[in-house]
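Inspection log for the structure reproduced underneath, given as structure tokens.
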Amino acid sequence: MSHPLQLTPDGRLRHLLSMEGLSKPLLTDILDQTERYAGGRGSRGRKVPLLHGKTVVNLFFEASTRTRTTFELAAKRLSADVINIQVASSSTAKGETLLDTLKTLEAMQVDMFVIRHEASGAAHFFAQHAAPGVAILNAGDGRHAHPTQALLDMFTIRRHRGEFSKLKVAIVGDILHSRVARSDIHALRTLGAAEIRVVGPRTLIPAGIEAMGVTVFNDLDAGLAGVDVIMLLRLQKERMVGAFLPSTGEFHRDFGLTKARLAKLPKDVLIMHPGPINRGVEIEGDVAYGDQSLILEQVEHGIAVRMAVMAMILGEDVRREA
Ligand code: NCD
């Protein structure tokens with residue numbers, strides 16, 4: 001799915017729905033803008049008046065802690081007014097219901113919706129029906145995309161490695177259910193990573209994923225040999241309708257990142273995880289907060305990257321193209 005919908009006719013960001021269709025210069029520009037907000041010491045929590053008078057609604061149909069909170073902090077640090085709406089949704093929620101929600105909230109003069117929904121394509125649907133001048137940010141739709149997570153992941157990698165062209169990255173675990181994996185793969189490809197591997201049991205790797213430009217490994221040690229970055233994913237038990245795995249214990253034995261496994265790899269291998277982590281399943285607790293782990297840095301960068309995206313979309317007058 002490509003989304004020309006998310007760009008203005010002159011190629012600027014109008015909505016943020018997916019990593020697909022965003023060019024390398026645009027992604028690089030977002031990461032550069034993020035630098036302004038990630039800052040060093042002293043910039044922490046500083047408020048800027050850029051979105052003063054704008055209203056942002058966090059519309060979450062799925063549970064979330066870090067994504068919702070960091071979107072809220074980002075909007076507040078840009079001086080926008082923020083409203084959080086947590087909607088209990090059933091998997092049968094229909095397009096019409098979504099549309100009614102959108103139109104009702106639009107009538108309240110909202111400038112931006114941050115939407116998370118269990119259905120792939122929900123953010124895209126919102127963007128198609130949004131009034132001119134109303135922007136949609138996808139905070140995760142089904143298994144499809146989680147673009148701000150990919151951006152914060154790219155920002156974190158760039159801060160540690162500088163550039164992408166020599167980078168070998170392994171994305172490990174539950175690829176099948178992961179919108180994060182899909183968005184990270186698109187972003188890494190666009191930014192020119194040398195090699196992208198997906199590593200996991202056959203049942204958790206989508207058929208035909210090689211077409212995305214990745215190499216598949218079903219053995220963890222082989223998949224991790226020679227990589228610079230390990231991106232772990234949460235085992236998404238809530239999305240596992242069928243029997244994908246014999247047991248989480250077995251998954252941990254075969255695909256869990258343990259201290260013992262890590263000891264066999266170079267000391268500068270970076271470890272990432274979008275959170276929330278399942279301790280003792282995809283990652284051992286000691287590894288999650290060990291020296292090589294960037295997990296908390298990812299959370300912190302989530303605020304800066306979301307500030308950058310909101311500022312790029314709303315800071316320039318989106319109504320101009322209306
Ligand atoms: C991810 C998500 O919700 O897609 N988490 C997040 O946004 N930090 C990954 C997950 O739920 O495992």
| Where residues in segment 270-293 are touching a strand residue (DSSP E or B) at 6+ places or on another chain (Cβ under 6 Å) and within 17 Å of H160 (Cα to Cα), which of them is surrounded by the fewest Cβ atoms within 10 Å (Cβ to Cβ)? | Q292
| task | Find the residue count for segment 191-249, including only residues that are within 15 Å of the ligand (Cβ to nearest atom), under 19 Å from A260 (Cβ atoms) and either out of contact with any strand residue (DSSP E or B) (no Cβ under 9 Å at 6 or more places or on another chain) or in the same structural domain as A119 (by TED's automatic domain parsing) (or both). | result | 1
| note | Filtering segment 149-164 down to residues that are of a type in the set (F, W, Y) and within 16 Å of the ligand (Cβ to nearest atom) yields F155
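In segment 163-176, which residues are part of a loop (DSSP other than H, G, I, E, B) and at pLDDT 95 or above?
Within segment 163-176, F164, S165, K166, L167, G173, D174, I175, L176 qualify.
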| Among the residues of segment 185-206 satisfying the criterion of being more than 15 Å from D174 (Cβ to Cβ) and aliphatic (A, V, I, L, M), which is surrounded by the fewest Cβ atoms within 10 Å (Cβ to Cβ)? | A194
| field | Selection status of P246, surrounded by fewer than 19 Cβ atoms within 10 Å (Cβ to Cβ) and in a loop (DSSP other than H, G, I, E, B) | value | yes
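For segment 51-140, give me every one of the strands (runs of 3 or more DSSP E) that falls completely inside it and has 2 or more residues that are in contact (Cβ under 8 Å) with a residue 24 or more places away in the chain, touching a Phe, Trp or Tyr at 6+ places or on another chain (Cβ under 7 Å) and within 16 Å of the ligand (Cβ to nearest atom).
55-60, 112-117
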| Where residues in segment 185-210 are within 28 Å of T28 (Cβ to Cβ) and part of a loop (DSSP other than H, G, I, E, B), which of them is nearest to the chain's Cα centre (by Cα)? | L191
| note | When every residue in segment 224-248 that is under 26 Å from G290 (Cβ atoms) and not aliphatic (A, V, I, L, M) is compared, the one farthest from the chain's Cα centre (by Cα) is S247
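The values are calculated or read from the model by the stated rules, or taken from the named source; none is laboratory data. Because the structure is a prediction, the values reported are computed rather than measured. Heads up, the Cβs are rebuilt from the backbone with ideal geometry, glycines too, and the neighbour counts pull from every protein chain shown.
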